[in-house]
Amino acid sequence: MVDCHLPKPARTTRDCPAGRKTSLKKPAKTREELEAAIRLEMEDISELPTDLAISVVPFEDTWKVGIMTEGPQDAGRSEMIEAIADRLRTEFDLKG
C-alpha cells in the first residue's frame, strides 16, 4: 500500500491507491541563497581562498553554477564547487 501523504525523494511521481498521481517538489531557494550556501560550505571544507565569483543560473529544468575568477582558474576549487552544487541541486530547486 502506498501512502500519498508521506514525503518521498524530490520530483517523484507514483501511483496512489485511488489511481491519482502525486508529484513532490524540492524546496526552492533564491540564487543568492544557493550562492551563499555554496560559498559557506566551500569555506567550511577548504582553506583555499574564496576570492572568486560564484553565480547560480537557471539551466533547462534545474540550475547550474558558474565560476568566475581573475586569472587562471584553479581546477581543484572548481571541482569542489561543482561537487557542492551537485549535492545542493538534489536538495533544492531555484526559486523564481
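What is the fewest-to-most order of K25, K64 by other Cβ atoms lying within 10 Å of their Cβ?
Lowest count first: K25, K64.
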Per DSSP, loop GluC sites (Glu not before Pro) in segment 32-75 with at most 16 further Cβ within 10 Å: E47, E60, E70
Ranked list, fewest to most other Cβ atoms within 10 Å of each Cβ, for I54, I38: I54, I38
Stretchable slack from S46 to T30, in nm (0.36 nm times residue separation minus alpha-carbon distance): 3.3 nm
Given charges at Cβ of Lys, Arg, Asp, Glu: segment 27-94 dipole, positive-most of P72, V57, I38: V57
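Segment 24-96: percent of C-alpha pairs farther apart than 14 Å?
Tail fraction, whole percent: 57.
Each value in this text was obtained by applying a stated rule to the coordinates, not by laboratory testing. Note that the coordinates shown come from a computational prediction; the quantities given were computed from them, not determined experimentally. Using ideal geometry, Cβ is built from the backbone for each residue, glycine included, and neighbour counts are taken over all protein chains shown.
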